[in-house]
2 protein chains.
Amino acid sequence: MTDPRHRVVIVGGGFGGLAAAKALAGADVDILLIDRRNHHLFQPLLYQVATATLSPSEIAWPIRHLLRRQKNVRVVMATVVGVDTSARQVLLEDGSRAPYDSLVLATGAQHAYFGNDQWEDFAPGLKTIEDATAIRRKLLLALEAAERETDPARRRALLTFAIIGAGPTGVEMAGAIFELGRASIRGQFNTLSPDDLRVVLIEGGDRVLLNFDPELSDYTLQALRKAGIEVELGQMVSEIDADGVSFGEKRIDTKTIIWAAGVAASPVAAWLGIEGDKAGRVAVGPDLSVPGMADIFVIGDVASITRDNGKPVPGVAPAAKQAGEHVAAVIRRRASGDATPLTFRYRHAGDLATIGRSSAVIDFGRIKLKGWLAWWIWGFAHIYFLVETRTRIFITLSWLWIYLTGQRSARLITHGMAPEKKPLREVDEAER
Amino acid sequence: MTDPRHRVVIVGGGFGGLAAAKALAGADVDILLIDRRNHHLFQPLLYQVATATLSPSEIAWPIRHLLRRQKNVRVVMATVVGVDTSARQVLLEDGSRAPYDSLVLATGAQHAYFGNDQWEDFAPGLKTIEDATAIRRKLLLALEAAERETDPARRRALLTFAIIGAGPTGVEMAGAIFELGRASIRGQFNTLSPDDLRVVLIEGGDRVLLNFDPELSDYTLQALRKAGIEVELGQMVSEIDADGVSFGEKRIDTKTIIWAAGVAASPVAAWLGIEGDKAGRVAVGPDLSVPGMADIFVIGDVASITRDNGKPVPGVAPAAKQAGEHVAAVIRRRASGDATPLTFRYRHAGDLATIGRSSAVIDFGRIKLKGWLAWWIWGFAHIYFLVETRTRIFITLSWLWIYLTGQRSARLITHGMAPEKKPLREVDEAER
């Protein structure tokens, strides 16, 4: 071989893939990072783009920009369609192949509708920038349409927002939609009142934030209800259509439904010709390689990793980052000829979720926080974990601005013209 | 009538319509402002969104937000399809009608291809936020595809960018694309060199910036060429297709063509059943009302107004604003029963255009500026004219950041996945 360097291919530029690439800086390897998109996304703040608090460019950065100072990495924007494990090549959509000595699969998850894919049209999920701007458009167009609607029932449906799933994303979306709706209506819509707004959070489990300590779940439930958000617990959704959502004996008429209930892993298991778990994830060994495929690592939301205590490693950003760093360490060893196994140990930093303005819950294990202090810590923690100085400055300013003035910067409806064709309220001659 | 207040309908929330609405604050009238979009757009900086310098939310604001403190205005997002001049009603797409006592039509212009509408697919223009993000996507995807391209000719075409029309928008786009391209390539694309970049500006007239003083045109031409931008003068484009642009005897192979050559007015003339000029504009009288229709005013890019000196009022933001304010003054008089005519007098503040980093030209009539001083004045003038404090702060910071670090914040490709299917460069086994 003319090129003796160890070739690492990383598929996916999310938290896991990016951490793996960065942790290999200076290593004697050639890295090829492949992603379908040109940007890394800070997903924990994606709900703030969907609710018009932040702009897309405040939470996403071109992957090549983030890795621009690292000499041993090459970034390409391309779509992977499979892996030839015997030839040790990644197959790309254009028919070309990328050979590897070590392969890191970090392609993440997408929303899943538990066999009801037709629900996606009515209840979009939140995984990409496009998802977020689409939800933002839906939320803002619903208010615009309500302003023009004369039929009381249709108007009520336009001002009702349902969120399915009360994990951190669902709770944060419910709180943020409620605040966006009330703040927008107040003063900006002549014919609407903030009290007309209805936000319903629907959860299949018996409490919100199932992964948190029950005491914090309870606090969050009270805080949501006190704010005015309806929470339906222990309710499995049976039907979603263009006009609403059904669960148990109930039916809620709404034009805006957000799906925050379930995710499924990318089709990595199929690429490798193995069986995934029921969420499509690949079970990996202690060093995060696939059993029987020592040169292939699977990390992040697409991996199923069991901790020493028998619990699964959660699908959160810090877990993906730690896994990426671990895999980088294993690959460094291998590239230098050392095949000693290295066991991944996940350190759980804690769980955080905001409920709304000045309210959040944090579960650090022994320490549990709730209320305004948790909210400030949540804010600082997120700014700390952002990947760029520029973004830190701009998001801090954006948040401060909204905190002090209540004005949200990003209430733009793009890729959408005037809302559905309904009579224009109050301007018809007959009504005057 | 139960409602004795004078009813004003304004169609369009651009510079003209917004200025008219604001200038009617406190007047004893009921204003209905109708726009197809929910936002007012600061078009002079739109090219900076297209070239990844600014984010959409930095130059666009919900119209209802801008008018939130004004009690006599109602904003609706709706599409106008005509005017019933005898019944004095505006016709909306949903079949409803908005009655008016005074009507202000300020619907602006869109790009026009001089009878070659098929060119639009290959040479998009720049009028809306969606246009800007689509052009941004095209520019960034061309670089991504070039990085992967192995065929030298195709690669050259991907790295060639043609701009048609050397008015302020064309000149500013050419300069900004050149800078975006060079800055992106440098350090971020392993297989590309900044010197591979080719930007060609094609103009039908015999100089760039035809509306400016010839001396400033000359300076701009030299500055563009010195920077490395090719400028073709006196060239009428004869063909545009997916692979390039032809003019005179020449053909340029390029995958990215931007149209900045011509605009046509919205179909206001057709709504009114009258004849527009060759660009579709409506000729208006001295008070900006349509001859024979004293209660209908046409302003901004959709109006053709002749100044006392015989020259036309240019299609720029300050002209639209002044016209909006003038019409508001006329309507105030009429609402109070005073029908004395009021003649519009346009005050031309000057023409400005940036050529690139630290270079601009300003034509204030007697005073003409060029170079870095003009560039700083250009920057301060635009910040001054922005409509919101928040935006002023954020754009100032964005510009300062780029000026100091060279890092552009908004290089996101959205609504686009991996670029066209071409072999992945340098990673094919056969090449290693």
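The values are calculated or read from the model by the stated rules, or taken from the named source; none is laboratory data. These numbers were taken from a predicted model, which means no experiment stands behind them. Cβ sites come from the backbone with ideal geometry, for glycine too, and all protein chains shown count toward neighbours.
Please verify whether A:Ser246 is among the polar types (S, T, N, Q) and modelled with pLDDT under 95, treating the condition exactly as stated.
No: the conditions fail for A:Ser246.
Select from segment A:355-368 the residues that are surrounded by 15 or more Cβ atoms within 10 Å (Cβ to Cβ) and of a type in the set (D, E, K, R) and write down the one among them that is nearest to A:Glu172 (Cα to Cα).
Filtering first and then ranking leaves A:Arg357.
Kindly check whether there is at least one residue in segment A:116-129 that is closer than 30 Å to B:Ile185 by Cα and facing chain B (nearest Cβ under 7 Å). Lay out the reasoning, then the answer.
We begin by selecting, within segment A:116-129, every residue closer than 30 Å to B:Ile185 by Cα; these are A:127-129.
Retained after the next criterion (residues that are facing chain B (nearest Cβ under 7 Å)): A:129.
The answer is yes; a qualifying residue exists.
Can you pull out the residues in segment A:62-74 that are outside any loop (DSSP other than H, G, I, E, B) and within 8 Å of chain B (Cβ to nearest Cβ)?
A:Pro62, A:Arg64, A:His65, A:Arg74
Identify all residues within segment A:110-128 that are more than 23 Å from B:Thr414 (Cβ to Cβ) and hydroxyl-bearing (Ser, Thr, Tyr); write none if there are none.
Result: A:Tyr113, single match.
Just for segment A:130-172: of the residues that are among the polar types (S, T, N, Q) and within 13 Å of chain B (Cβ to nearest Cβ), which one is farthest from A:Ala360 (Cα to Cα)? I'd like the intermediate steps shown before the answer.
Going through segment A:130-172, the residues among the polar types (S, T, N, Q) turn out to be A:133, A:150, A:160, A:169.
If we keep only those that are within 13 Å of chain B (Cβ to nearest Cβ) as well, we get A:133, A:150.
Details: A:Thr133: 24, A:Thr150: 38 Å.
The extreme case among them is A:Thr150.
Just to be sure I understand the filter: pairs with C-beta atoms under 7 Å, separated by 6 or more residues or on different chains, first member in segment B:259-274 and under 18 Å from B:Ile163 (Cα atoms), second member part of a strand (DSSP E or B) and among the polar types (S, T, N, Q). Which pairs pass?
The qualifying pairs are B:Val263/B:Gln110.
Okay, residues lined up against (1) more than 21 Å from the chain's Cα centre (by Cα); (2) in contact (Cβ under 8 Å) with a residue 40 or more places away in the chain:
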residue: A:Arg334; (1), (2): yes, yes
residue: A:Asp338; (1), (2): yes, no
residue: A:Arg345; (1), (2): yes, no
residue: A:Ser358; (1), (2): yes, no
residue: A:Asp363; (1), (2): no, yes
residue: A:Ile367; (1), (2): yes, no
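Return the residues of segment B:39-94 that are of a type in the set (S, T, N, Q), touching a Leu at 6+ places or on another chain (Cβ under 8 Å) and without any contact (Cβ under 8 Å) to a residue 24 or more places away in the chain; say none if nothing qualifies.
B:Ser57 - this is the single residue of segment B:39-94 that is of a type in the set (S, T, N, Q), touching a Leu at 6+ places or on another chain (Cβ under 8 Å) and without any contact (Cβ under 8 Å) to a residue 24 or more places away in the chain.
Here is a check on your reading of the model: is A:Ala134 outside any loop (DSSP other than H, G, I, E, B), under 23 Å from A:Asp241 (Cβ atoms) and of a type in the set (Gly, Ala, Ser)?
It is true that A:Ala134 is outside any loop (DSSP other than H, G, I, E, B), under 23 Å from A:Asp241 (Cβ atoms) and of a type in the set (Gly, Ala, Ser).
I'd like to verify a number: residues in segment A:248-275 that are under 18 Å from A:Asn116 (Cα atoms) and surrounded by 21 or more Cβ atoms within 10 Å (Cβ to Cβ), how many?
9
Identify the single condition in (1) over 22 Å from B:Ala319 (Cβ atoms); (2) assigned to a loop (DSSP other than H, G, I, E, B); (3) touching a strand residue (DSSP E or B) at 6+ places or on another chain (Cβ under 9 Å); (4) away from every other protein chain (no Cβ under 14 Å) that B:Asp206 does not satisfy, given that it satisfies every other one.
(3)
Just give me the residues in segment B:250-292 being of a type in the set (S, T, N, Q) and modelled with pLDDT of 95 or more, in sequence order.
If the condition is that a residue be of a type in the set (S, T, N, Q) and modelled with pLDDT of 95 or more, then B:Thr254, B:Thr256, B:Ser289 are the ones that fit.
When you scan segment A:214-235, do you find a residue that is in contact with a Gly (Cβ under 9 Å, 6 or more places away or on another chain), surrounded by fewer than 15 Cβ atoms within 10 Å (Cβ to Cβ) and modelled with pLDDT of 95 or more, even just one?
yes
Per-residue answers, yes or no, for (1) under 19 Å from B:Gly17 (Cα atoms); (2) small (Gly, Ala, Ser); (3) surrounded by 23 or more Cβ atoms within 10 Å (Cβ to Cβ):
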{"site": "B:Asp287", "(1), (2), (3)": "yes, no, no"}
{"site": "B:Lys311", "(1), (2), (3)": "no, no, no"}
{"site": "B:Lys321", "(1), (2), (3)": "yes, no, no"}
{"site": "B:Ser336", "(1), (2), (3)": "no, yes, no"}
{"site": "B:Arg345", "(1), (2), (3)": "yes, no, no"}
{"site": "B:Ala353", "(1), (2), (3)": "no, yes, yes"}
{"site": "B:Lys370", "(1), (2), (3)": "no, no, no"}
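For segment B:16-52, name all the residues that are surrounded by 23 or more Cβ atoms within 10 Å (Cβ to Cβ) and β-branched (Val, Ile, Thr).
If the condition is that a residue be surrounded by 23 or more Cβ atoms within 10 Å (Cβ to Cβ) and β-branched (Val, Ile, Thr), then B:Ile31, B:Ile34, B:Val49, B:Thr51 are the ones that fit.
Quick one: in segment B:381-395, which of the residues that are more than 13 Å from B:Ala317 (Cα to Cα) and within 14 Å of chain A (Cβ to nearest Cβ) is surrounded by the fewest Cβ atoms within 10 Å (Cβ to Cβ)?
Filtering first and then ranking leaves B:Thr389.
In the list A:Ser57, A:Ser102, A:Ser86, which residue meets the criterion of being surrounded by fewer than 24 Cβ atoms within 10 Å (Cβ to Cβ) and polar (S, T, N, Q)? Before you say what the answer is, go through the steps one by one.
On the way: A:Ser57 fails: surrounded by fewer than 24 Cβ atoms within 10 Å (Cβ to Cβ); A:Ser102 fails: surrounded by fewer than 24 Cβ atoms within 10 Å (Cβ to Cβ).
Criteria check complete, one pass: A:Ser86.
Among residues belonging to segment A:398-414 that are surrounded by 16 or more Cβ atoms within 10 Å (Cβ to Cβ) and within 7 Å of chain B (Cβ to nearest Cβ), point out the one that is modelled with the lowest pLDDT.
Restricting to residues being surrounded by 16 or more Cβ atoms within 10 Å (Cβ to Cβ) and within 7 Å of chain B (Cβ to nearest Cβ), the top hit is A:Ser409.
Which condition number in (1) modelled with pLDDT of 80 or more; (2) under 17 Å from B:Arg390 (Cβ atoms); (3) among the hydrophobic types (A, V, I, L, M, F, W, C) is the one that A:Ala353 fails?
All conditions pass for A:Ala353, except number (2).
Would you mind listing the strands (runs of 3 or more DSSP E) fully within segment B:320-410 where at least 1 residues are basic (Lys, Arg)?
Once the strands (runs of 3 or more DSSP E) in segment B:320-410 are filtered for at least 1 residues that are basic (Lys, Arg), what remains is B:368-371.
With the condition kept exactly as written, say whether any residue in segment B:78-96 is modelled with pLDDT of 95 or more, facing chain A (nearest Cβ under 8 Å) and in a strand (DSSP E or B).
yes
Under 7 Å by Cβ, and 6 or more places apart or on different chains, what pairs join a residue from segment A:15-36 that is within 14 Å of chain B (Cβ to nearest Cβ) with one that is in a helix (DSSP H, G or I) and crowded, with 19+ Cβ neighbours inside 10 Å?
Close Cβ pairs satisfying both conditions: A:Ile31/A:Ala21; A:Leu33/A:Gly17; A:Leu33/A:Ala21; A:Leu33/A:Ile63; A:Asp35/A:Ile63.
Would a scan of segment A:40-58 turn up a residue that is within 13 Å of chain B (Cβ to nearest Cβ), in a strand (DSSP E or B) and under 26 Å from A:Ile258 (Cα atoms)?
Checking segment A:40-58: at least one residue is within 13 Å of chain B (Cβ to nearest Cβ), in a strand (DSSP E or B) and under 26 Å from A:Ile258 (Cα atoms).
Output the number of residues of segment A:141-175 satisfying the condition of being buried (at least 24 other Cβ atoms within 10 Å of the Cβ), hydrophobic (A, V, I, L, M, F, W, C) and in a helix (DSSP H, G or I).
Final tally of qualifying residues: 6.
What are the residue pairs meeting all of these: first residue in segment A:174-191, first residue among the hydroxyl-bearing types (Ser, Thr, Tyr), second residue buried (at least 19 other Cβ atoms within 10 Å of the Cβ) and assigned to a helix (DSSP H, G or I), Cβ atoms under 7 Å, and 6 or more apart or on different chains?
What qualifies is A:Ser184/A:Leu143; A:Thr191/A:Glu147.
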